[in-house]
Amino acid sequence: MIRLLSIAFIAGCLAGCASAPEANKPAGSPVAAMGSPLAEVPVEGLPPQKLAAGECGLFLWGMAAPRRFTFFTKAATGEALVLHNGASHKLIVTDTNAEVFGQFFTETQYLSADGTWSVNLSLKPGEMLEGGQRVDSGRLVTTGADGWETVLPVTGVRACIPG
């Protein structure tokens, strides 16, 4: 009898835990049509990015809370998207060096499309994953036209869609 009551109590607790995040969700929180909290559309950060069959991409998030999707590039394009001053901006590759990291480099320099500020991306590759590799850590250093630097610690993944 005690065993049956214990199982019922544990099941009740798990059911309560499973519904807790939904109850704590702020009003107006964007949720996909299916209502899954895993399918939420980001409120801040870059918009979702898609890869076609045979393409590889580098996806980076800031390490400070709230973690925002801050950087994206596809392999062999020479371009990237970065979150800068709360908006998405296009970058153009100006130099690459250091080690090869899949289809990317561990050190890449970019220039904003308007040519007024630059970004230096440094990455430390992590463990291999199926279809990609983790980025253990990295630094996204933005240098403004006035020479001021902003350093953003990042982490992420490089991933490829089988072709």
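The values are calculated or read from the model by the stated rules, or taken from the named source; none is laboratory data. Remember, it's a predicted structure, so these values are computed and weren't measured experimentally. Note that each Cβ is placed from the backbone with ideal geometry, even for glycine, and that neighbours are counted across all protein chains shown. Protein only, heavy atoms only, side chains kept; ligands, DNA and RNA dropped before computing areas. Shrake-Rupley method; radii C 1.70, N 1.55, O 1.52, S 1.80 Å.
Things to note:
- Rounded if a/c under 1.5, otherwise prolate or oblate - region 121-163, Cα gyration tensor axes: prolate
- Inter-label distance, nm, simple model (7 Å from Cα along the C-beta direction), D136/I161: 3.0 nm
- Listed residues K90, K50, K74, K124 arranged by accessible area, highest first, probe 1.4 Å: K50, K124, K90, K74
- Sulfur and carbon atoms: percent of accessible area, region 81-163 [1.4 Å]: 52 percent
- Were the residues from T77 through K90 laid out at 0.36 nm apart, the gain over their Cα-Cα distance would be 3.5 nm.
- Qualifying chymotrypsin sites (Phe, Trp or Tyr not before Pro) in region 77-163, DSSP loop, other Cβ atoms within 10 Å at most 16: W148
- Contact order, relative form, for region 90-163: 22 percent (alpha carbon pairs under 8 Å, 6 or more residues apart, mean separation divided by residue count).
- Neighbours of G156, meaning other residues whose beta-carbon lies under 12 angstrom from its beta-carbon, give a summed charge of +4 when Lys and Arg score +1 and Asp and Glu score -1.
- Solvent-accessible heavy-atom area per residue, rounded to whole Å², over region 55-161 at 1.4 Å: 53 Å²
- Taking 0.36 nm per residue of separation and subtracting the Cα-Cα distance, full extension of the segment from L129 to L111 would add 3.5 nm.
- Within-14-Å neighbourhood charge of R139 [Cβ basis; K, R +1; D, E -1]: -2
- If you take all other residues with their beta carbon under 15 Å from the beta carbon of V82, and give Lys and Arg +1 and Asp and Glu -1, the sum is 0.
- Placing R0 at 25 angstrom, the Cβ-Cβ distance between E149 and A52 gives a FRET efficiency of 0.10 after rounding to 0.05.
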